């Protein structure tokens, strides 16, 4: 099975401008900024936001380059972004390939690519709790788009990360839960992606698309089957442990049609929806009090806290969103530059935008182990939907531990997926 790419020639520019104004604001030609290889170094900690945003876009383009056939994680530099086939990051090992039943050894890195399958609908439940179905009430909940379909999530890791996990037997929950020295090497990359089902009413040419098997659910959010669906990428976290950054660097991208851009009008941020655009998670008629609200009424069922739809709603009730923290002007300028790159005009990548790059301002300050996250807030509307006002990727991941472990896991929540060798996951509490 291969990723399907569709193409369009409409340019995007400054996110806060109408479409025609964006096109007129950008130069007609410029030197290409594209490179099939990711940057070898990150900017200095004292560099400006623009340099880190450039770094994020360079990572996004390189990791979204078509991968070499049969070579996981390696770009085919003879192709161009947007060419058919899996992207580099789509060939990374998913958590389902790393953490096998019975804590089985997942084998060599370059194993054959397996068919894509998505069944995670609540990334927060795995991030913030020791139990699969338990969710911190402040942050948890699935996300239903305006077409009444769930958002699906996937998590994967590059070869450097994979080798570290396998070489230390950290795919075994019994081993990793006792590890007090988890420290990933430089060069590790983790990817979190979010996907929505594309309907006949969607313009698929504006999405990185994928045909995959997805879990289906009843009106109460209980899994009841599996089906094949045509999916569009709506969100992407690129998390890199770059040399010199023990707190990692956090780059988050979204598809441009998730929610409308904003403009500062008379001191207030005002939505600027583009005429004719059907936003995937935004409803202009939704009451302000209904925006960015978790859909869950939490109920205790046995050892688990289970999300049950709030009264008057079902698993098909859309969850309207809006962006709480506007994209910074400098980030919008970097977005416009890359979206207008001549090498991306036949690529769907021009329909994605960087939301921000969060990194430590003082990565080596012993008095501040977190390194002062900069900017302080970072939120992808499809992943931190319900905690945007205080969302910080670095703050959240600084608390990451394996299941039932007091030890930190170096900013990675991957080990929430580890299984025990007894065939029962530690996170099930059994």
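Values in this text are rule-based calculations from the coordinates and carry no lab data. As the structure is a prediction and not an experimental result, all values here were calculated from the model. Cβ sites come from the backbone with ideal geometry, for glycine too, and all protein chains shown count toward neighbours.
Computed values, structure above
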{"read-out": "Nearest-0.05 FRET efficiency for residue 265 and residue 105, computed from C-beta distance (R0 60 Å)", "value": "0.55"}
{"read-out": "Neighbour-count order for 213, 72, fewest beta carbons within 10 angstrom listed first", "value": "213, 72"}
{"read-out": "Residue order, fewest to most beta carbons within 10 Å, for 32, 193, 205, 347", "value": "32, 205, 347, 193"}
{"read-out": "Order of 393, 77, 296 - criterion: other Cβ atoms within 10 Å of each residue's Cβ, fewest first", "value": "77, 296, 393"}
{"read-out": "Separation between Cα centres of region 152-168 and region 47-74, rounded to whole Å", "value": "17"}
{"read-out": "Distance (nanometres) between label positions extended 7 Å along Cα→Cβ at residue 168 and residue 404", "value": "2.0"}
{"read-out": "Residue among 212, 179, 44 with the largest mean-square fluctuation in a Gaussian network model of the chain, springs linking Cα atoms under 10 Å", "value": "44"}
{"read-out": "Antiparallel DSSP beta bridges within the chain, as percent of all bridges there, nearest 5", "value": "95"}
{"read-out": "Computed FRET value (nearest 0.05) for residue 345 with residue 84, which takes r as the C-beta separation and R₀ as 22 Å", "value": "0.80"}
{"read-out": "Hydrodynamic radius (Kirkwood) for the chain, which is based on Cα pairs only, to one decimal in Å", "value": "22.0"}
{"read-out": "Computed FRET value (nearest 0.05) for residue 422 with residue 272, which takes r as the C-beta separation and R₀ as 56 Å", "value": "0.55"}
{"read-out": "Gain upon complete extension [residue 181, residue 219; 0.36 nm per residue less C-alpha separation]", "value": "9.3 nm"}
{"read-out": "Length-normalised contact order for the chain - Cα pairs under 8 Å, 6+ apart - percent", "value": "23"}
{"read-out": "Per residue Cα convex hull volume in Å³ - calculated over region 211-366", "value": "228"}
{"read-out": "Residue 290 versus residue 148: modelled label distance in nm, points set 7 Å from Cα along the beta carbon direction", "value": "1.4"}
